[in-house]
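> I am attaching a structure below and will ask some questions about it afterwards.
Where a number appears in this text, it was derived from the coordinates with a stated rule and is not lab data. In this text, all values refer to a predicted model and were calculated from it rather than measured experimentally. So basically every Cβ, Gly included, is an ideal-geometry build from the backbone, and we count neighbours across all protein chains shown.
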There are 2 protein chains.
Amino acid sequence: MIKTVAIQGVKGSFHHIVSQQFFDKTVHNIECLTFDEVVDSLISEESDAAIMALENSIAGSIIPNYALIDKYNLHIVGEHYVDVQHNLMALSGQTIEDIKEVYSHPMALLQCKEFFKQYPHIKLVEDKDTAEVAQRIQEGQLKGIGAIASVLAAEIFELDILGKSIQTIKHNETRFVIVKRTNSEVLENEINKASIKFEANHKRGSLATILNVMSDCKLNLTKIQSLPIIETPWKYAFFVDVTFNEYGDFKKAKSLIEIMAEGLKVLGEYKNAKL
Amino acid sequence: MIKTVAIQGVKGSFHHIVSQQFFDKTVHNIECLTFDEVVDSLISEESDAAIMALENSIAGSIIPNYALIDKYNLHIVGEHYVDVQHNLMALSGQTIEDIKEVYSHPMALLQCKEFFKQYPHIKLVEDKDTAEVAQRIQEGQLKGIGAIASVLAAEIFELDILGKSIQTIKHNETRFVIVKRTNSEVLENEINKASIKFEANHKRGSLATILNVMSDCKLNLTKIQSLPIIETPWKYAFFVDVTFNEYGDFKKAKSLIEIMAEGLKVLGEYKNAKL
């Protein structure tokens, strides 16, 4: 039973949105400032589960989070997609002309840069989080200050939205995973997606051979990412996501890849959130 | 003839180091604050070439830079690797006990977090660049302030190094590419590496089939990265780097991949910097 879930950011953050949608609104959230703290909270058993952004359609994989999951042997037990929409918000009654400074996470500022070109009087300032600025504006009743955050943050902290979906690239789908200390409790017949990691060298054919096995076992590849292994030149680790109809097909592929590649590790077996 | 090269950051930045090592110390550098500005400088013909970080062994690919190269049809004409080492520096005569605040790029601060745990009196503050802080300290004769930057930055701005290679992960190899508006002038018999992009769907086997072609054509895969194509669910773009001994082998593979995959684009053909 999941009662406590660690999230990156405060209430109103995109991780909080995932927590509400994947679990329900009654779970207790541990608000962490960094992903290291999210993982600490899970490992120390303060939390029953944790939510981590893993990739988005603009910036690609968040490799440090892959590294955390790998290093601490966490298990991916589920995934969830959110279309990240950024909104400009401020205290009720403020207009965009009143706003002198906007604080937000560097990534959010970057994604909304184009919007602010029409408002040269507004200074953009980097901050730790998106929703936390919204909270600060409400708590300090800060006039002249704007936040870039989710609609949920505007609702929670009772701010007015002065600009809706102000990011340049309108569609920014972010994939979050739900991780736990122990293996998934998902029933085998509900599992239709898996995340694995293995090693192979750069010699011609070695990756192709493994992908052929996957194909023969009826697995579909939805993501592949190579990372050089620092200690071993010319050797690569691959992070691969696959989907399948039958869990038995994945089991068969696993036993073959175990023989053909080195260091096979299953990061998680779970239910595909995109059907 | 390359006379002017756009770099991200000021003198003493890691891009500046690449410029000095790949070209020579006589080229004129255009110092840009963002990668967008780097690309602008190249496209507007202010610069003859530009240098862009593309991936590093800790954080993986810098996808927005891939996107810039793709969007503006830039040509990768060379690559260069630098082992990024971060150093704490301050005005001559200052000790680490004198330092109250350290300013640097968020990524540099993150990579050096462990080092600063032993100095809880030092406040870490995010800044735009690494070397630019070193410049500011020298120009303003700022006491009590530290920068995290390269040895070259300490030399140029005449600062003392108070901590050498202070990043947690000691080996942080970063791959930079040299891009131009027009195609490479590298001689065919000197080309032994290429970066390509193509599209394929998630259906089982489609990527495996293409990798088999590469393998049959004696290409070695040194990097692969999938990115979902935003407008088209279940379709993926793949960025792939390959090395080869004979340029003819690559030409053969190109003509086959052109038939089998969609949207094949050669981002660059150049000389492998790692032999």
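> To make sure I understand, if each residue's beta carbon is the centre and we count other beta carbons within 10 Å, what order do A:VAL186, A:VAL102 fall in, fewest to most?
Neighbour counts put them in this order, fewest first: A:VAL186, A:VAL102.
> How high is the relative contact order of chain A, in percent, counting Cα pairs under 8 Å that sit 6 or more residues apart?
Normalised by residue count, the contact order of chain A is 23 percent.
> How large is ³J(HN,Hα) for each residue in the range A:16-26, as worked out from phi by the Karplus curve 6.51 cos²θ - 1.76 cosθ + 1.60 (θ = phi - 60°), to whole Hz, x for Gly and Pro?
5, 4, 4, 4, 5, 7, 7, 9, 8, 6, 8
> Right, here's the next one. With the dipole of the range B:87-163 worked out from charges on the C-beta (+1 for Lys and Arg, -1 for Asp and Glu) around the Cα centre, which of B:GLY140, B:SER150, B:LEU124 lies farthest toward the positive end?
Farthest along the dipole direction, towards plus: B:LEU124.
> Now a separate question. Placing the label point 7 Å from Cα along the Cα-to-Cβ direction, what are the distances from A:GLU155 to the equivalent spots in the other copies, shortest first, in nm to one decimal?
Distances between equivalent label points, in nm: 5.8.
> Could I ask something else about it? DSSP loop GluC sites (Glu not before Pro) in the range A:154-208 with at most 12 other Cβ atoms within 10 Å of their Cβ, which ones?
Passing sites in the range A:154-208 are A:GLU158, A:GLU185.
> To the nearest 500 deg cm²/dmol, what mean residue ellipticity at 222 nm is calculated for chain B from DSSP H runs of n ≥ 4 alone, each contributing -39,500 (n - 2.57), summed and divided by the residues?
After summing the helix terms and dividing by residue count, I get -8000 deg cm²/dmol.
> Work out the length of the dipole vector of chain B about its Cα centre, built from +1 on the beta-carbon of each Lys and Arg and -1 on the beta-carbon of each Asp and Glu, and round it to the nearest 20 debye.
Here the size comes out at about 780 debye.
> For the range B:67-220, what does the alpha-carbon gyration tensor say about shape, rounded, prolate or oblate, given a ≥ b ≥ c as the root eigenvalues, a/c under 1.5 as rounded, and a/b over b/c as prolate?
It is prolate, given that a/c is not under 1.5 and a/b is the larger ratio.
> Work from the charge dipole of the range A:1-120 (Cβ charges, +1 for Lys and Arg, -1 for Asp and Glu, about the Cα centre) and give the residue of A:PHE22, A:HIS86, A:GLY60 farthest towards its positive end.
In the range A:1-120, that residue is A:HIS86.
> Taking a label point 7 Å from Cα toward Cβ, how far is B:GLU126 from its twins in the other copies, in nm, shortest first?
Those label-point separations list as 0.6 nm.
> Starting with the fewest neighbours, write out A:LYS218, B:LYS11 ranked by other beta-carbon atoms found within 10 Å of each beta-carbon.
A:LYS218, B:LYS11
> Quick one: putting +1 on the C-beta of Lys and Arg, -1 on the C-beta of Asp and Glu, what dipole do you get for the range A:193-270 around its Cα centre, in Debye to the nearest 20?
Once rounded to the nearest 20, the dipole reads 100 debye.
> Here's another thing I want to ask about it. Taking amide H positions as placed 1.01 Å from N in the peptide plane, with prolines and chain starts having none, which residues 5 or more places from B:ASP127, or on another chain, fall under 5 Å of its amide H?
Under 5 Å from the amide H of B:ASP127: B:SER104, B:HIS105.
> Something else: For the range A:1-89, which GluC sites (Glu not before Pro) are in a loop by DSSP, counting at most 10 other Cβ atoms within 10 Å?
Sparse-neighbourhood loop GluC sites (Glu not before Pro): A:GLU45.
> I want the antiparallel fraction of DSSP beta bridges within the protein assembly as shown, as a percent rounded to 5.
About 75 percent, rounded to the nearest 5.
> At B:ASP36, label 7 Å along Cα→Cβ: distances to the other copies, nm, ascending?
3.1
> Using Cα pairs closer than 8 Å and at least 6 residues apart in sequence, work out the relative contact order for the range B:87-163, in percent.
In percent, rounded to a whole number, it is 50.
> Here's a follow-up. If you place +1 on the Cβ of every Lys and Arg and -1 on the Cβ of every Asp and Glu, how big does the dipole about the Cα centre of the protein assembly as shown come out, in debye to the nearest 20?
1140 debye
> Also, I was wondering about something else. Counting alpha carbon pairs within less than 8 Å and at least 6 residues apart, what relative contact order, in whole percent, applies to the range B:188-270?
49 percent
> What percent antiparallel are the DSSP beta bridges of chain A, to the nearest 5?
DSSP beta bridges in chain A are roughly 75 percent antiparallel.
> Further, regarding this structure: Along the charge dipole of the range B:188-270, pointing to its positive end and built from +1/-1 on Cβ of Lys, Arg, Asp and Glu, which listed residue (B:ALA208, B:ILE259, B:LEU221) has its Cα farthest out?
Farthest towards the positive end: B:ALA208.
> Going by a ≥ b ≥ c, the root eigenvalues of the Cα gyration tensor, does the protein assembly as shown fall in the rounded group (a/c under 1.5), the prolate group (a/b larger than b/c) or the oblate group?
oblate
> Going by how many other beta carbons lie within 10 Å of each one, how would you line up B:THR130, A:THR34, fewest first?
Final ranking by Cβ density, sparse to dense: A:THR34, B:THR130.
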